[in-house]
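Colleague: Submitted below is the structure of interest, expressed as structure tokens.
The values are calculated or read from the model by the stated rules, or taken from the named source; none is laboratory data. Everything quoted here is computed from the prediction, not taken from an experiment. Neighbour counts are summed over all protein chains in view; Cβ atoms, including those assigned to glycine, are modelled from backbone coordinates with ideal geometry. The protein model used for the area step is the full one, side chains on, heavy atoms only, and it has no ligands, DNA or RNA in it. Shrake-Rupley method; radii C 1.70, N 1.55, O 1.52, S 1.80 Å.
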Protein chains: 2
Amino acid sequence: MTDHVDNDGAASPKLGFRPLYQQVRDMFVRRLVDGRWTPGQALPSEMELAAEIGVSQGTVRKALDALAAENLVVRRQGRGTFVAEHDEARILFQFFKLAPDDGERAFPESRVIHIARGAATPEEGARLALKRRAQVIRIDRVRLLGGRPAISERVTLPAALFPGLDAREVPNNLYGLYAAGYGVTVANARERLKAVGLPPEQAAHLDVAPGAPALLIDRLAIALDGSPVEWRVSYCLTDGFHYASDLR
Amino acid sequence: MTDHVDNDGAASPKLGFRPLYQQVRDMFVRRLVDGRWTPGQALPSEMELAAEIGVSQGTVRKALDALAAENLVVRRQGRGTFVAEHDEARILFQFFKLAPDDGERAFPESRVIHIARGAATPEEGARLALKRRAQVIRIDRVRLLGGRPAISERVTLPAALFPGLDAREVPNNLYGLYAAGYGVTVANARERLKAVGLPPEQAAHLDVAPGAPALLIDRLAIALDGSPVEWRVSYCLTDGFHYASDLR
DNA sequence: TAGTGGTCTAGACCACTTC
DNA sequence: AAGTGGTCTAGACCACTAG
């Protein structure tokens, strides 16, 4: 029995107190991490889970609501609770913040320039929390917005996590590939934005003069278990497009 | 009696169904909008509110939890529930996304360049949902990050909402002034970011060459009742600083 | 010690989906 | 009609804060 829920080991109830529903949430996250529950799958009903674990339905509900708030599951009244998928629609709204100044959002096409494997630089190792001289996979690609090249980016991955990815056809939706092909679910990401002059190499890819203003997006993607799984640096032209950010 | 909670007027229960706790939430928002509850004030306890309204404590709890999720109230176990304040710490983390590349976040000093009142341009009228030829207040200022001028921005406000603000000492924390001086609470904001070459006027304010890459932030701030109350356009130098965005 | 919000339970009923 | 998640209630107990 790997799943465990417990609080009072007859010890002091004050220290290390963790609510039952959070323990249940953690248990459910473990099932997602180890692939016991996979994207798209329907979870057992609240009543079944409650009976299995030995808590009330209300406690299971709070745990599932927490997962839904983290976009890890999707709940639909009358149908059930499902493990979230990295389909294009979800990516588009959750992880891709560039939108046309007017008009509908659309998923950008991608054109891979180069893909290779090599030893991590010190910076790559630091960002991805890798051991000394670990291998990484680097993907350089150009992405099209509204039919025009607008993003030049490099994606850096720990090679150990994605064996054979460098010898594979790379799809447009990378996070979908990570999930379906390697069981790696991107749970969240931290982005840092700057305005910079476009370096010559990126300028050539985007067919623009070097030094033109570009939005630099430095993103670190974090997996379900909290470990960094992707480092992505994107240079974006923001002519007719913008980065949308809602502050609540 | 202005507060009202009701569902089934013996009509079809299917259409226009709105859960009780959301109706209670709406009632509470009304109390915030009309100043019956003011920033910093302690709300009555859950039990008192439940008895007053005539619903269970659990329903009041769900309503207050919703408000807490929107950052409109702050709940503290053992102490009570309090109306959120626009103090600098809150602004710093909720509405100000520029952070030093390394080091602690700090609230930027401000230096006002110019304040004036005038008729709204068509664009200002459109952004702020104003009537034709309504008056606006415009504040131009420079803000300092790490002691150096880094942001040149124009703040545009509906004059009707902020009488006399143009003849007043303008503090560093504008949202605090809106709340304390005019009873206007900024509930959320939408930002659009672009990378642009710095226009001559802003370049002069920031003591940088025109055309240098700058982060353009176009922000529309929304009040509790959903109406736009501030339009702000900021040109930011991102040398040693970045715009932080967390994607969940 | 009293009062607050936070957790947990149990059960009834409602709205939505599917068969 | 059956099964799912969503709402609402009522009550017990726990953790935290303040006097």
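Colleague: Just in the stretch A:157-226: which GluC sites (Glu not before Pro) are loop by DSSP and have at most 12 other Cβ atoms within 10 Å?
Modeller: Within the stretch A:157-226, the qualifying GluC sites (Glu not before Pro) (loop, at most 12 other Cβ atoms within 10 Å) are A:Glu169.
Colleague: May I ask for the net charge around A:Ala116, where only other residues with Cβ less than 12 Å from the Cβ of A:Ala116 are counted and Lys, Arg are +1 while Asp, Glu are -1?
Modeller: Within the 12 Å Cβ shell, the charges total +1.
Colleague: Ratio of the protein assembly as shown's C-alpha Rg to 2.2 N^0.38 Å, to two decimals?
Modeller: Its radius of gyration relative to the 2.2 N^0.38 Å reference: 1.10.
Colleague: Now a separate question. Taking θ as phi - 60°, what are the ³J(HN,Hα) couplings along the stretch B:144-155 by the Karplus curve (6.51, -1.76, 1.60), each to the nearest whole Hz, with x for Gly and Pro?
Modeller: 10, 10, x, x, 10, x, 9, 10, 10, 9, 10, 10
Colleague: Take every Cα pair under 8 Å in chain A that's 6+ residues apart, average their separations, divide by the length, and report that relative contact order as a whole percent.
Modeller: 16
Colleague: When the C-alpha atoms of chain B are aligned to their principal axes, what extent does each axis show, in angstrom, from largest down?
Modeller: 68, 46, 36 Å, listed from the longest principal axis down.
Colleague: For the stretch A:20-83, with all protein chains present and a 1.4 Å probe, just round the carbon and sulfur fraction of the accessible area to a whole percent.
Modeller: Carbon-and-sulfur percentage of accessible area, whole number: 50.
Colleague: In percent, how large is the relative contact order of the stretch A:20-83, given Cα pairs closer than 8 Å and 6 or more residues apart?
Modeller: Result for the stretch A:20-83 is 40 percent.
Colleague: Using the Cβ atoms and a cut-off under 11 Å, what net charge is assigned to the surroundings of A:Gly240, where Lys and Arg are +1 and Asp and Glu are -1?
Modeller: -1
Colleague: Using a Gaussian network for chain A with springs between C-alpha atoms less than 10 Å apart, which of these wobbles most: A:Val196, A:Val155, A:Val229?
Modeller: With Cα springs under 10 Å in chain A, the top fluctuation among A:Val196, A:Val155, A:Val229 is at A:Val196.
Colleague: Can you run phi through the Karplus equation (6.51, -1.76, 1.60; θ = phi - 60°) for the stretch A:157-163 and list ³J(HN,Hα) in whole Hz, with x for Gly and Pro?
Modeller: My calculation for the stretch A:157-163 gives 10, x, 4, 4, 7, 10, x Hz in order.
Colleague: On a 0 to 90° scale, report how tilted helix B:20-33 is relative to the longest principal axis of chain B, with both axes built from alpha carbons and the result rounded to the nearest 10.
Modeller: So the helix axis and the longest Cα principal axis differ by about 50 degrees.
Colleague: Further question on the same structure: Can you tell me the Rg and Dmax of the stretch B:20-83, counting just the alpha carbons, in angstroms?
Modeller: 10.6, 28
Colleague: Ignoring everything except DSSP H segments at least 4 long, calculate the 222 nm mean residue ellipticity for the protein assembly as shown; use -39,500 (n - 2.57) per segment, divide by total residues, nearest 500.
Modeller: -7500 deg cm²/dmol
Colleague: May I pose another question? List the residues of the stretch A:182-215 whose backbone N lies under 17 Å from a point placed 7 Å from the Cα of A:His114 along the Cα-to-Cβ direction.
Modeller: A:199-207
Colleague: Amide H of B:His86 versus every other amide H placed in the peptide plane: which residues, excluding those fewer than 5 positions away on the same chain, fall under 5 Å?
Modeller: none
Colleague: How large is ³J(HN,Hα), in whole Hz, for each residue of the stretch A:61-69 in order, when computed from phi with the Karplus curve 6.51 cos²θ - 1.76 cosθ + 1.60 and θ = phi - 60°, using x for Gly and Pro?
Modeller: Using θ = phi - 60°, the values come out as 4, 4, 5, 5, 4, 5, 5, 5, 5 Hz.
Colleague: Can you spot the aspartates and glutamates whose alpha carbon is less than 14 Å from A:Lys62's alpha carbon? Ignore those fewer than 8 places along the same chain.
Modeller: In chain and number order, the partners are A:Asp26, A:Glu46, A:Glu70, B:Asp65.
Colleague: Over the alpha-carbon set of the stretch A:90-173, divide Rg by the Kirkwood Rh and report the Rg/Rh ratio to two decimals.
Modeller: 1.04
Colleague: Efficiency by 1/(1 + (r/R0)^6): what FRET value for A:Tyr182 and B:Ala89, r their Cβ-Cβ distance, R0 = 41 Å, to the nearest 0.05?
Modeller: 0.50
Colleague: Please compute the length gained on full extension between B:Arg30 and B:Thr121, using 0.36 nm multiplied by the number of residues separating them and subtracting their Cα-Cα distance.
Modeller: Difference between extended and current length: 29.6 nm.
Colleague: Identify which of B:Asp26, B:Asp218, B:Asp102 has the largest mean-square fluctuation in a Gaussian network model of chain B, with springs joining Cα atoms closer than 10 Å.
Modeller: Largest GNM mean-square fluctuation: B:Asp102.
Colleague: Continuing with this model, one more query. Restricting to the stretch A:88-243, compute how many DSSP beta bridges are antiparallel as a %, nearest 5.
Modeller: About 100 percent, rounded to the nearest 5.
Colleague: Please sort by residue number the trypsin sites (Lys or Arg not before Pro) in the stretch A:127-227 whose DSSP state is loop and whose Cβ has at most 16 other Cβ atoms within 10 Å.
Modeller: The qualifying sites are A:Lys131, A:Arg132, A:Arg133, A:Arg168.
Colleague: Put a dot 7 Å past each Cα toward the Cβ at A:Asn71 and B:Arg105; how far apart are the dots in nm?
Modeller: Here the answer is 2.0 nm between the modelled labels.
Colleague: Sticking with this one: Please give the length that would be gained between B:Arg132 and B:Arg168 if that part of the chain were fully extended, namely 0.36 nm times their separation in residues minus their C-alpha to C-alpha distance (nm, one decimal).
Modeller: Here the segment from B:Arg132 to B:Arg168 would lengthen by 10.4 nm.
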